[in-house]
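Input: a single structure, listed below in structure tokens.
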Amino acid sequence: MADLFLASPFRRFLWGPTVLREWQGSSVGALDWVETPSSHLLKFNLPGYGKDQIKIQLEEDNVLSIRGEGFGGKEEQLPKDSVWHVSERGKGEFARQIVLPESVRADQIKAQVENGVLTIVLPKEPAPAKPKTRAIPVSSKL
């Protein structure tokens with residue numbers, strides 16, 4: 001009986017090292033966040049998503065909400081007697097929420113999706129000028 005199971009064409013799904021690495025975490029929605037002197041850049045891996053399937057909102061308390069729903073085309077029509085053996089792709093939905101720094105100009109946020117990468121540009125307020133060092137005179141009365 002063990003030989004039947006171990007000789008199965010699906011044994012690679014149970015013991016294959018490549019598959020185990022893939023199962024450790026999904027790259028969908030993975031985030032890179034880079035701060036430049038003038039803005040914050042957020043990049044998300046969203047393979048298969050188009051601009052109509054991604055919703056971005058700025059919510060209360062400076063929280064950026066990113067949601068993706070239903071990637072790819074229509075599900076292929078399978079015959080009624082079809083049997084699923086593995087289904088790992090899921091429904092194609094994800095959600096992320098990020099608390100943004102206070103310095104972000106909320107009215108100038110821009111987003112673009114291209115080749116499976118969502119890029120969000122968050123412009124920053126200019127840094128306030130640093131006060132110059134100056135001497136403050138001391139008097140005996142205020």
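What the table below lists for this structure:
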item	result
Any hit, the range 86-104, residues being modelled with pLDDT under 85, of a type in the set (Val, Ile, Thr) and more than 15 Å from residue 40 (Cβ to Cβ)	yes
Any hit, the range 33-53, residues being part of a strand (DSSP E or B), in contact with a strand residue (DSSP E or B) (Cβ under 6 Å, 6 or more places away or on another chain), modelled with pLDDT of 50 or more and loosely packed, with under 13 Cβ neighbours inside 10 Å	yes
Residue satisfying all of: in the range 106-142; surrounded by fewer than 10 Cβ atoms within 10 Å (Cβ to Cβ) and of a type in the set (Ser, Thr, Tyr); farthest from residue 48 (Cα to Cα) among these	140
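The values are calculated or read from the model by the stated rules, or taken from the named source; none is laboratory data. Model, not experiment: these values are computed from the prediction. Counting neighbours? That spans all protein chains shown, and the Cβs are built from the backbone with ideal geometry, glycine included.
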